[in-house]
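Trainee: A single structure is presented below for examination.
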Amino acid sequence: MNIRKILVTGGARSGKSEFAENLCLNIPGKRTYLATAIPFDDEMKQRIKLHKKRRDPNLWHNLIEEPYNIPEILVSLNSKIDVLLLDCITIWLNNLFLKIGTDESIIFKEIEKFLKVLQGINYNIVIVSNEVGMGLVPENKLARIFRDISGKVNKKMAKIVSEFYIIFSGYALRLK
């Protein structure tokens, strides 16, 4: 069986998650949704609610909500599922920043662990990640560090995956 590793990126509210969900629905087998968001406030709770409402529970085998331990979850799913939707790497990075702080060496250790695991998984995966580097240069150092790390992670994932899409205003462009 040909394992598909797919990266879907784009701007905020561009339709990345819905596009990624549809990609998953076109891959046969057990589907698991791995959500990284933490419902910190009412607005985020509403976004999560809309994501859940959009998904037909009959088409998804499982939902895992995990904000931090993504590499461990990916390993634990080997030989148990056929398709994983990981939504989203950018939120995961944000969670790491909030938990760990701005120590880039520790953040990059987590990223490298994730990338190593991604290379070795034996199931199809669709990964959602925001493209945060196409807008204005952030006015503060922390935001610039976050933008730069996000861009580096996207670049490294793009080298690993077999398919790569960018979403603009609801339309997908396949880059790889």
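Every number here is computed from the coordinates shown, using simple stated rules; none is lab data. Everything numeric in this text was worked out from a predicted model, so none of it was measured. Note: ideal-geometry Cβ built from the backbone for every residue, glycine included; neighbour counts use all protein chains shown.
Trainee: Which residues does a label at E43 reach in region 1-31, if reach means a backbone N under 17 Å from a point 7 Å past the Cα toward the Cβ?
Mentor: Counting only backbone N, you get 12-14.
Trainee: Here's a follow-up. Which three numbers, in whole Å and largest first, are the semi-axes of the equivalent ellipsoid of region 105-176 derived from its Cα gyration tensor as √(5λ)?
Mentor: In descending order the semi-axes read 22, 19, 8 Å.
Trainee: Using only Cα atoms, figure out Rg for region 44-83 and give it as a multiple of 2.2 N^0.38 Å.
Mentor: Dividing the Cα radius of gyration by 2.2 N^0.38 Å gives 1.37.
Trainee: Of the candidates D148, D42, D87, which one comes out as most mobile in a Gaussian network treatment of the chain with C-alpha springs shorter than 10 Å?
Mentor: Answer for the Gaussian network model of the chain: D42.
Trainee: Mind pulling the angle between the C-alpha long axis of helix 42-54 and the longest principal axis of the chain? Nearest 10 degrees, somewhere in 0 to 90.
Mentor: Long axis of 42-54 versus the principal axis of the chain: about 20 degrees.
Trainee: For the chain, give me the percentage of DSSP beta bridges that are antiparallel, rounded to the nearest 5 percent.
Mentor: Taking every DSSP beta bridge with both residues in the chain, the antiparallel ones total about 15 percent.
Trainee: Give me the extension gain from I64 to L115: residue separation times 0.36 nm, minus the current Cα-Cα distance, reported in nm with one decimal.
Mentor: 16.4 nm
Trainee: Could you work out how far helix 89-100 tilts from the main Cα principal axis of the chain, as a 0 to 90 degree angle to the nearest 10?
Mentor: 50
Trainee: Still on this structure, please answer the following. Please state the charge dipole magnitude for the chain, taken about the Cα centre, from unit charges on C-beta atoms (+1 on K and R, -1 on D and E), reported in debye and rounded to the nearest 20.
Mentor: In debye, rounded to 20, the chain gives about 380.
Trainee: While we're here: Once each part is reduced to its C-alpha centroid, what is the distance from region 125-175 to region 59-106 in angstrom?
Mentor: Between the Cα centre of region 125-175 and that of region 59-106, the gap is 16 Å.
Trainee: Using a Förster radius of 22 Å, what is the FRET efficiency between S162 and K30 based on their Cβ-Cβ separation? Nearest 0.05, please.
Mentor: FRET efficiency, S162 to K30: 0.65.
Trainee: Just need the relative contact order of the chain here, percent rounded to a whole number, with Cα pairs under 8 Å and 6+ apart.
Mentor: On the way: 268 pairs, mean separation 66.7, N = 176.
Computed value for the chain: 38 percent relative contact order.
Trainee: Among S17, S76, what is the fewest-to-most ranking by other Cβ atoms within 10 Å?
Mentor: In increasing order of surrounding Cβ atoms, one gets S76, S17.
Trainee: Can you list the GluC sites (Glu not before Pro) in region 28-130 that are in a DSSP coil and have 16 or fewer other beta carbons within 10 angstrom? Provide the component values of the computation, followed by the final result.
Mentor: Values: sites: E43, E65, E72, E104, E110, E112; in loops: none.
Nothing satisfies the criteria.
Trainee: Let me ask something else about it. Given labels modelled 7 Å from the Cα in the Cβ direction, how far is it in nm from E18 to L50?
Mentor: 1.0
Trainee: Here's another thing I want to ask about it. Taking K176 as the anchor, which lysines have their alpha carbon closer than 23 Å to its alpha carbon, excluding any fewer than eight residues away along the same chain?
Mentor: K5, K16, K116, K152, K155, K156, K159
Trainee: A further question follows. If you compute Cα extents along the principal axes in Å for the structure shown, which of (i) 96, 35, 23; (ii) 57, 39, 34; (iii) 44, 32, 31 do you land on?
Mentor: Only one option fits the structure, namely (iii).
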